[in-house]
Amino acid sequence: MSADRRFDDATALAQAFAAGEADPTEAMQAALERMEQLNPALNAVIHPRPERALAEAAASAQRWSRRRAGGDALDDMSDVGVPFDGVPMAIKDLGCEQAGEFHHAGARFLVELGWQGSLDSHLYRLLSGAGLISVGRTNTPEFGTTITTEPDAYGPTANPWSLDRSPGGSSGGSAAAVAAGIVPVAHGNDGGGSIRVPAAACGLVGLKPTRGRVSTAPRLGEHRGGFAVDGMLTRTVRDAARCLDIICRPAPGDPYIAPPLGPGESFVGALAASLRSLPPLRIAVSTANRGRASAPVRRAVEQAADLLARLGHRIEPDTAPDGWFSAELADHTIVVRTVGMATELAGWAERLGRPMTSDDVEPANWWSAELGASLPASAYVQALEALARWRRLVMAFWNADPAPGLSMPEDGGFDLLLTPVLADVTPSLGYLSDPTDGARRIAELAAFVNQANISGQPAISLPTAVDDDGAPLGVQLHAAHGNERLLLAVAEQISEAGGFMSLGDLP
C-alpha cells in the first residue's frame with residue numbers, strides 16, 4: 001500500500017478495495033510494518049497478532065476479488081454487505097473479549113497468568129462481522145480507571161504528537177495507534193471520558209454513545225453502574241457514524257437499550273442531512289466549572305463557538321444545565337466507582353479461586369476496592385438514586401424529542417452543549433500518575449467529561465484546535481439522550497467547514 005494511504009480513513013480504504021485500487025493483504029502488511037516501526041516508541045499495541053491478521057486479510061482479498069468479478073463491488077459499501085471488509089483496526093485490551101487472545105486489562109496478575117479470552121464478545125462479533133481485522137490489542141491503564149495510559153504491567157503509551165506527553169486514557173493505546181497511522185479505527189470504551197480524552201489528546205474524533213447503544217454482552221450488564229459504554233476512535237466523522245451503525249445492535253437481556261432509530265434511518269445517513277437540511281440549532285456554551293478551564297482551552301471552545309455561529313447556529317455563551325457542574329456529583333460517583341472496583345476484584349477472586357491481595361493490583365485501585373468493599377449496600381443504592389435525581393434535573397435543559405434529530409429547536413430547550421474535553425492542555429507522562437498528587441490532578445483535568453457518563457447522554461470529542469506547541473486540543477459536544485445523529489450531523493458540518501486540524505501535520 002502506498003505511503004499516502006497511511007492516514008486514509010476506513011471508508012476511503014474500503015472504497016479503494018471495492019474499486020480494486022488497493023488490496024487488503026497489502027494494506028494489512030503496511031499496517032503491520034508501521035506497527036513494527038512505530039510501536040517501540042509508542043507502546044500502543046501490546047498484544048500484536050500479525051499472523052492471524054494477515055490470514056484474515058488474505059481471505060478478505062479473495063472476497064473482494066469475487067465481488068468485483070460479480071459486479072457488486074460498489075462505492076457505496078452499504079450495498080456490499082460487509083462495509084469494512086479487510087480494513088485494519090485495533091482492540092483495546094479492556095472489554096471486547098476475543099477467544100484465544102490475551103486479555104489483561106492492564107493488570108499484573110492477569111499478565112502473570114497469561115490470561116486469554118474464552119469467547120468472542122457480542123461487540124467483537126459485530127466488528128469482525130463487518131470485516132474489520134484486528135492487528136492486536138492496545139495498552140490501557142489497569143482496569144481503565146484513569147485518564148492516562150501508564151499501567152505498571154506494560155509501561156506508558158506515548159502520544160504520537162509528542163512522545164513525552166500522555167495520549168490520554170483509558171483508551172490511550174487505541175488513540176495512539178490511530179493517530180500514528182497504524183490503523184484507521186480502533187475500539188475503546190468510556191466510563192469517565194476514556195474515549196473522549198484520548199481523542200482530544202491525539203487529534204481524533206471520539207464518540208461516546210448513549211447508554212445502552214452498544215451491548216456489553218455476554219459478560220457484563222450494568223457496567224460501572226451504567227457509566228461505561230463501548231465505542232470507537234476514528235479519524236473522521238463519517239467513520240464514527242459508520243462504526244456506530246455497525247455496533248449498535250442490542251443483545252437479549254441488556255439492562256439498557258438506547259432509543260432505536262426510525263425505519264430507514266442510520267447514523268451515517270445523518271451526515272448527508274447535515275449538509276442538506278440541518279436547521280439553525282440552539283447551542284449552549286460553557287467553560288465555567290469552578291474556573292478550571294485554562295486560557296488555551298477557553299480559546300479552543302470560543303473558536304468552535306464562533307465557527308458554529310458562522311454556520312448559522314444560535315450560540316448562547318456561559319450557559320449549562322442546572323447542576324451540570326455540581327460539586328456533589330463527586331461524592332456520589334466515588335461510591336459507584338469504588339463499589340464497582342470492589343465488585344470487579346471480587347469477580348476475579350471467584351474466577352481464580354483465591355482472594356485478591358494488594359500485591360495483585362496497583363495501589364490506587366486497591367484503595368478504591370477496599371473503600372468500595374467497606375460501604376454498605378444502602379450507600380450504593382442511595383448514590384444511584386441521587387444520580388437519578390440529578391439526571392432528571394439536567395434533562396430539562398434539552399429538547400425532548402431526539403428523533404429524527406434534525407428538527408427546529410424550541411426556546412424551551414437546547415439542542416447541544418459545547419464544552420472543553422480536558423480543562424487544560426495534554427500533560428506530560430507521569431503528571432497524572434504521580435503517587436502523591438495524581439488523583440487531584442486527574443479530578444481537575446477531567447472536570448468536563450464525567451457528566452455525560454452519569455447522564456448517559458452521547459458526547460463527541462472533535463479535533464478543532466491545537467495548543468501553543470501545535471499539539472491537539474479537542475472540544476466536546478453533548479446532545480440529548482439518544483441523539484447521536486444530531487451530534488454526528490453537526491460534527492460533519494464543522495469538518496466540512498474546515499474546522500478540524502489535520503493528522504497530516506503529525507511530526
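Taking Cα pairs under 8 Å and at least six residues apart, what relative contact order does segment 158-235 come out at, in percent? Once normalised by length, the contact order is 33 percent. What the chain shows is 37 Å² of accessible area per residue, with the surface traced by a 1.4 Å probe over protein heavy atoms. Once both labels are positioned 7 Å from their Cα atoms along Cα-to-Cβ, the gap between Arg66 and Leu393 label points is 5.8 nm. Secondary-structure-derived ellipticity at 222 nm for the chain, considering helices only, amounts to -12000 deg cm²/dmol, per-run term -39500 (n - 2.57) for DSSP H runs with n ≥ 4. Global size of the chain: 21.3, 65 Å for Rg and Dmax (C-alpha atoms, Rg to one decimal, Dmax whole).
Amide H contacts for Met89 (H built 1.01 Å from N in the peptide plane; partners 5 or more residues away or on another chain; cut-off under 5 Å): Ile133, Ser134, Val135. When only Cα pairs below 8 angstrom with a gap of at least 6 residues are kept, the chain shows a relative contact order of 16 percent.
Note on segment 245-373: along the principal axes its Cα atoms extend 60, 44, 24 Å, ordered by decreasing extent. In terms of the mean number of neighbouring beta-carbon atoms within 10 Å, the peptides 209-218, 301-310 order highest first as 209-218, 301-310. For segment 449-501 and segment 10-56, write down the distance between their C-alpha centroids in whole Å. Here the answer is 27 Å between Cα centres. Here the peptides 416-426, 335-345 are ranked by packing, the mean other Cβ count within 10 Å, and the order with the highest first is 416-426, 335-345. Take 430-437, 131-138, 280-287 and order them by the average number of nearby Cβ atoms within 10 Å per residue, most first; the result is 131-138, 280-287, 430-437. For segment 131-261, the spherically averaged projection of the C-alpha convex hull amounts to 8.0 nm².
When nucleic acids and ligands are ignored and a 1.4 Å probe is applied, Glu370 ends up with an accessible area of around 100 Å². Please report, to two decimal places, log10 I(q)/I(0) for segment 307-389 at q = 0.15, 0.17, 0.22, 0.25 Å⁻¹ as given by the Debye formula with identical point scatterers on the Cα atoms and no solvent. One equal scatterer on each Cα of segment 307-389 leads to -0.66, -0.75, -1.01, -1.15. With the gyration tensor restricted to C-alpha atoms of segment 192-264, the semi-axes of the equivalent ellipsoid amount to 22, 16, 9 Å, longest first. Distance from the alpha carbon centroid of segment 341-378 to that of segment 217-265 works out to 28 angstrom.
Extents of segment 1-142, largest first, come to 52, 32, 21 Å (Cα atoms, principal axes, whole angstrom).
The values are calculated or read from the model by the stated rules, or taken from the named source; none is laboratory data. Everything numeric here is computed off the predicted structure, so don't read it as measured data. Neighbour counts run over all protein chains shown; Cβ positions are idealised from the backbone, glycine included. Quick note on the areas: whole protein, heavy atoms, side chains included, nothing else; ligands and nucleic acids left out. Shrake-Rupley method; radii C 1.70, N 1.55, O 1.52, S 1.80 Å.
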